[in-house]
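Throughout, read-outs are computed from the coordinates displayed, never taken from laboratory work. All of these numbers come straight from a predicted model, not from anything done at the bench. Virtual Cβ from ideal backbone geometry, glycine too; neighbours counted across all protein chains shown.
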Amino acid sequence: MKCRVCSGPAVIDIRRHNANFCGEHFLKLCRDQTAKAIKQFSMLERDDRVLVAVSGGKDSLAVWDILTELGYHADGFYVGLGIAEYSASSEHHAVAFAAERGLTLHTEDLRRDHGFDIPNGSRAAKRAPCSACGLSKRHLFDEAARRGGYDAIVTGHNLDDEAAVLMGNVLHWHTDYLARQMPLLPARAGFPKKAKPLVRLTERETAAYCILREIDYLIDECPMAAGNKHLAYKAALNDIERNSPGAKHDFFFRFLAQAADRFRPGHEESDSRPDVAPCQRCGAPTNNDTCSFCALVARATEAVPIKLGHTRGRKKVSS
Amino acid sequence: MKVVLRNPTRELEFDGPLEVSVLLQRLDLHREAHLVIEDGTLVPNDKVLGNDAVVEVRSVISGGSP
């Protein structure tokens, strides 16, 4: 295999581009595709203060690295989820990445700062772990961005993530979610804008980027995510991609170009809800008295009565 | 050759020489979802791995809250 750009020895093939790349030109491709996405969807201004949602995994560290390489002022924000060894390892990778590059990383910990963790809290609140995790992270990222005066939150969502979410939304015709599935969510009442600059890169490419940049990312998969639908959709899409290179890209980008607008008028109507007001507990903007995160915290931390002794199989003793 | 896989971590032995793309086929792994790494760097699909090679086959699929 030879690099399409320089004809030197290639290290990776990108079938949907029908091209191979050496290390140097693959890294340039990743930066160029990220810059193209930022420009295509007007994600960031040059002087924006950016807060990157960092997990210690390949996507968040890659997007942080690329934004820094592209000259953006980007700090990181990490949330400890309390998922045993997985969380300890993910924090280690995030902290080490920032320290090695002299970058600023803010951290928050669910157990330390909010009294619960994802495994126990999601069980107590009767929510799927991924749902409780997503809700918590979205709330805390928003809060951290407001507190720190950041203009934008950046996440490491890649093309595989977006195509898988789109597949799930289409399979179940979640039209309200389809209306909101955009690479950029503009700022609105109390919420900073949210951007996904990696939407033009697959996760194979973000992983390859990290390996070539010698970024030590967390390889282990979250134990709570095993068997979730998101992973099943990704596997199905990769089966399609095997015989039809570029299918994932077309699925997502043609949705944006040709179909997304059709769901948006309905979205605007559904979004014309009453003005948000501060959450009575934390002050975050919400449509209810209490925001979803504070409701989760309340359910996850409320005392649960403990039954003592054996309650099954105990024989009644008649007097 | 020695092939290291993750999640869970395990090692398999294969006879070389063997092309990377053939190795992935034998492991029944999707090339869109995996990278092959040798000595810390990427190995292209057409590289022939020798009998004494040590490579890692790394899944790149991650999932959780989108």
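Odds and ends about this structure:
- Charge context of A:Gly57, other residues only, Cβ under 11 angstrom, K/R +1, D/E -1: -3
- Highest mean packing comes first when the peptides A:82-91, B:24-33, A:137-146 are listed by Cβ atoms within 10 Å, giving A:137-146, A:82-91, B:24-33.
- Residues in region A:92-119 that a label on A:Ala84 would reach, taking backbone N under 16 Å of a point 7 Å out along Cα→Cβ: A:117-119
- Cα gyration tensor shape of region B:2-59, rounded if a/c is under 1.5, else prolate or oblate by comparing a/b with b/c: rounded
- Rounded FRET efficiency, nearest 0.05, which uses the C-beta distance separating A:Ala99 from A:Arg299 and R0 of 41 Å: 0.70
- Sequentially through region A:146-162, phi angles give Karplus couplings (6.51, -1.76, 1.60; θ = phi - 60°) of 4, 5, x, x, 7, 7, 8, 9, 10, 10, x, 4, 10, 4, 5, 4, 5 Hz, Gly and Pro residues having no value and appearing as x.
- Karplus (6.51, -1.76, 1.60) ³J(HN,Hα), θ = phi - 60°, over region A:219-224, in Hz, Gly and Pro reported as x: 8, 4, 7, 4, x, 7
- For A:Asp109, nonlocal amide neighbours, meaning residues 5 or more places apart or on other chains whose placed amide H falls under 5 Å from its own, are A:Gly80.
- Residue mean of other protein chain beta carbons inside 10 Å, B:26-36: 4
- In nm, spacing of pseudo-spin labels at A:Leu185 and B:Asp28 (7 Å Cα→C-beta vector): 3.9
- Cβ-placed point charges (K, R +1; D, E -1), dipole of region B:2-59 about Cα centre in debye, nearest 20: 200
- Relative contact order, percent, region A:1-106 [alpha-carbon distance under 8 Å, six or more residues apart]: 18
- Peptide ranges A:150-163, B:2-15 listed from the most packed, as the mean C-beta count within 10 angstrom indicates: A:150-163, B:2-15
- Amide H contacts under 5 Å for A:Gly56: A:Leu61, restricted to partners 5 or more places along the chain or on a different chain, H placed in the peptide plane at 1.01 Å from N.
- Fully extending the segment from A:Val276 to A:Gln258, taken as 0.36 nm per residue of separation minus the present Cα-Cα distance, adds 3.3 nm.
- Separation of the A:Leu171 and A:Glu45 label points, Cα + 7 Å toward Cβ, nm: 4.1
- Once the Cβ-Cβ distance of B:Thr41 and A:Thr290 is raised to the sixth power relative to R0 = 45 Å, the FRET efficiency obtained is 0.30.
- By definition, a body whose alpha carbon gyration tensor gives a ≥ b ≥ c is oblate when a/c is 1.5 or more and a/b is not larger than b/c, and region A:201-244 fits this oblate description.
- Residue-wise HN-Hα couplings along region A:193-202, as the Karplus relation 6.51 cos²θ - 1.76 cosθ + 1.60 with θ = phi - 60° gives them from phi, are 5, 10, 10, 10, x, 8, 5, 8, 10, 7 Hz; Gly and Pro carry x.
- Beta bridges per DSSP with both ends in chain A, % antiparallel, nearest 5: 35
- Listed peptides A:291-300, B:42-51 appear in the order A:291-300, B:42-51 once ranked by packing, highest mean of other Cβ atoms within 10 Å at the front.
- Summing +1 for each Lys or Arg and -1 for each Asp or Glu among the other residues whose beta-carbon sits under 15 angstrom from that of A:Gly227 gives +1.
- Think of each Lys and Arg Cβ as +1 and each Asp and Glu Cβ as -1; about the Cα centre, that makes the dipole of the protein assembly as shown roughly 1460 debye.
- The protein assembly as shown - Rg and Dmax from Cα coordinates, angstrom: 22.8, 93
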